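Laboratory data are not the source of any read-out in this text; all were calculated from the coordinates shown. What you see is a predicted model, and the numbers here were worked out from it, not measured in a lab. When we count neighbours, we look across all protein chains shown, and the Cβ atoms used for this are built from the backbone with ideal geometry, even at glycine.
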Amino acid sequence: MTMKKFLFLLLILACASCTEDTSIDPTLMPEATTEGRNTFGCLLEGWVYTSGRFGLPQAVSQTDESGYKVIITAPVDLFRTFTLTLTNPVAHSACAYTSSETLGDGEAFITRNDGKVISGTFQGGNVTEGRFDIRFVDNDNDGGGGTAIAFLSQRHGLFLAETSSFFRKVVAD
């Protein structure tokens with residue numbers, strides 16, 4: 001009888017010390033912040049989609065002959081990543097965005113864009129409410145979009161290296 005009481009008390013103590021991780025709740029929209037918290041969420045046909053559980057959203061800036069763009073990618077489940085391409089996003093103003101047919105095209109209001117963080121809200125197409133607050137991914141010198149980690153073999157004089165989407169050979173000194 002004493003052992004059962006001990007196990008019962010141990011179980012209660014273990015349950016009381018547990019805390020729920022509420023940092024990413026897929027049923028709630030993220031707060032509308034401007035601090036670079038790497039959040040993305042939207043209401044799409046009445047359903048909440050947020051990133052964070054299946055990877056963090058990323059923002060990459062790009063300048064080409066058609067102008068300045070910011071491309072936001074946000075993994076929202078195992079098989080789906082939403083992409084928004086913002087055209088000429090300037091802080092405290094509206095800009096157009098294009099997306100896949102799932103989200104549809106619409107308009108975004110940019111609350112912050114200082115080259116380090118882009119934040120704002122968006123709606124249009126199938127989205128009734130959306131928001132993002134994302135730190136930019138550093139572009140490397142060759143103009144590649146984003147950073148990936150390459151696990152290269154040390155056997156052949158190669159190291160673990162940060163690379164663009166194209167793998168580059170890193171030779172040992």
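In a shell of Cβ-Cβ distance under 13 Å around SER99, excluding SER99 itself, what net charge do Lys and Arg (+1) and Asp and Glu (-1) give?
-1
With the crude spin-label approximation of a point 7 Å out along Cα→Cβ, what separation in nm comes out for THR2 versus THR121?
Using points 7 Å along Cα→Cβ, the separation is 6.4 nm.
By how many nm would the segment from VAL90 to THR34 grow when fully extended, if each residue of separation counts as 0.36 nm and the alpha-carbon distance is taken off?
Residue separation times 0.36 nm, minus the Cα-Cα distance, leaves 18.8 nm.
Only residues of the stretch 27-66 count here: report those whose backbone N is under 11 Å from the spot 7 Å along Cα→Cβ of ASP114, or say none.
Answer for the stretch 27-66: 34-36.
Return the FRET efficiency for the residue pair THR98, THR27: r is the Cβ-Cβ distance, R0 is 25 Å, and the value is rounded to the nearest 0.05.
The value I calculate is 0.35.
Most exposed first by the Cβ proxy, i.e. fewest other Cβ within 10 Å, how do ILE118, ILE110 rank?
Lowest count first: ILE110, ILE118.
What is the gain in length, in nm to one decimal, between ASP138 and ARG53 on full extension, counting 0.36 nm per residue of separation less the C-alpha to C-alpha distance?
On the way: separation 85, 0.36 × 85 = 30.60 nm, distance 2.23 nm.
Extending this stretch completely gives an extra 28.4 nm.
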